[in-house]
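Structure record follows, encoded as structure tokens.
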Amino acid sequence: MKKVILYIHGKGGSYLEAEQYKKNCIGFDIIGIDFNEYLPWIVQNQIQLVYNEARERYDYIYVIANSIGAYFAMHTLQNYDIEKALFISPVLDMERSYRNLICRK
């Protein structure tokens, strides 16, 4: 059974951060999803593309996502076949986060 972890980074992060999980996730391939935009509909397309490619090659798909990457994962993959997900410091209420950011100015 082939297993893969999709890693979705946070703002200012990089898909290369996925490398840090390799030593602790033996038996898994790890794919970091690369994106530079932070608009949900753009990132959603990139996540879906990587997911669809992984679905063709792997039996089980897991997700590790950090910060806004966790929000993107929840938004994009909520109806997809994910074995398990680990969200690190997830942004759970994006509307409130934006409102707080705007009101500070």
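Couple of notes before you dig in:
- Two-decimal log10 I(q)/I(0) for segment 62-102, as the Debye equation yields it once each C-alpha is a single scatterer, q = 0.13 Å⁻¹: -0.28
- For the chain, a Kirkwood radius taken over Cα pairs fed into Stokes-Einstein (25 °C, viscosity 0.890 mPa s) yields D = 174 µm²/s.
- Length-normalised contact order for the chain - Cα pairs under 8 Å, 6+ apart - percent: 30 percent
- When ARG96, ARG55 are compared by accessible area of protein heavy atoms, the largest-first order is ARG96, ARG55, using a 1.4 Å probe.
- Cross-link partners of LYS11 among lysines (Cα-Cα below 26 Å; sequence separation of 8 or more within a chain): LYS22, LYS23, LYS84, LYS105
- √(5λ) per eigenvalue of the Cα gyration tensor, segment 2-47, largest first, Å: 22, 12, 6
- Separation in nanometres of the label points that stand 7 Å from Cα toward Cβ, at LYS84 and ASN24: 1.3 nm
- Solvent-accessible area per residue, Å², over the chain with all protein chains present [probe radius 1.4 Å]: 65 Å²
- For the chain, carbon and sulfur atoms together expose 50% of the accessible surface, with a 1.4 angstrom probe and every protein chain in place.
The values are calculated or read from the model by the stated rules, or taken from the named source; none is laboratory data. Computed from a predicted structure; not experimentally measured. Every residue, glycine among them, receives a Cβ derived from its backbone with ideal geometry; neighbour counts consider all protein chains shown. What goes into the accessible areas is simple: the full protein's heavy atoms, side chains included, and nothing from ligands, DNA or RNA. Shrake-Rupley method; radii C 1.70, N 1.55, O 1.52, S 1.80 Å.
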